[in-house]
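One structure is given below, encoded as structure tokens.
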Amino acid sequence: MDVHAVILLFFLFTKILPSRCLRALQPFMTNVCSEQERIITAEKQPCVQAFTHVVKVWRQGCTGHAWCMDYERRTAYYIGYRQVYRQDFKTTYKCCPGWSQLNPETGCIYPLCPYGVCFNGGVCRGHVHQLCDCLPGFNGSNCQYEQPPGASEHKHSEVTAGLMGQ
């Protein structure tokens with residue numbers, strides 16, 4: 001095995017495989033909620049069926065004849081299958097409302113803003129309207145505007161007033 005193959009294998013086992021394993025959300029991770037998911041499964045269930053039919057038989061000792069033809073009912077049993085549905089519940093783990101997992105991080109650490117993202121280090125707060133907590137020196141609904149030095153800070157007043165008027 002050459003050096004390039006060894007490096008490639010090392011990279012695959014240390015970088016790619018663990019990151020795929022981390023995508024599965026667990027209940028102890030940040031902003032992860034459990035949810036009961038209903039699962040309906042179909043199964044074939046065996047059941048015994050009876051089948052009765054009439055067959056011709058030859059009988060001995062009939063009146064006037066040594067042998068005569070008669071009819072007789074016979075029942076046969078066989079195993080049939082019927083479709084049965086069963087309902088089970090399975091616990092799944094998903095990001096809590098308002099949070100997402102973008103990369104293979106452990107947990108849901110990215111807040112969801114319904115109308116976009118917060119720029120310049122702003123942090124999304126609230127999930128009904130777009131409200132970003134802006135760092136000092138920035139303003140706007142998404143913290144997209146740089147505030148001139150000495151201007152008063154109105155972080156949310158204009159945004160909230162604009163959204164309430166809609």
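The values are calculated or read from the model by the stated rules, or taken from the named source; none is laboratory data. Just so it is clear, the structure is predicted and the values come from calculations on it, not from any experiment. When we count neighbours, we look across all protein chains shown, and the Cβ atoms used for this are built from the backbone with ideal geometry, even at glycine.
A compact table of results
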read-out	value
Candidate set: segment 117-162, residues that are modelled with pLDDT of 80 or more and among the small types (Gly, Ala, Ser); chosen: the one surrounded by the fewest Cβ atoms within 10 Å (Cβ to Cβ)	GLY121
Checklist (1) at pLDDT below 85; (2) over 38 Å from the mean Cα position of the chain (by Cα) applied to VAL55, failing item	(1)
Conditions (1) closer than 27 Å to PHE28 by Cα; (2) at pLDDT below 75; number of the one not met by TYR93	(2)
Qualifying residues in segment 64-106 (those that are among the aliphatic types (A, V, I, L, M) and either surrounded by 10 or more Cβ atoms within 10 Å (Cβ to Cβ) or more than 21 Å from PRO46 (Cβ to Cβ) (or both)) - the one farthest from the chain's Cα centre (by Cα)	ALA66
Near pairs, Cβ below 8 angstrom, 6+ apart or cross-chain, from segment 93-112 (without any contact (Cβ under 8 Å) to a residue 12 or more places away in the chain) to any residue that is in a loop (DSSP other than H, G, I, E, B) and of a type in the set (Asp, Glu)	none
Hits in segment 21-48 (condition: part of a helix (DSSP H, G or I) and either surrounded by fewer than 10 Cβ atoms within 10 Å (Cβ to Cβ) or modelled with pLDDT of 60 or more (or both))	CYS21
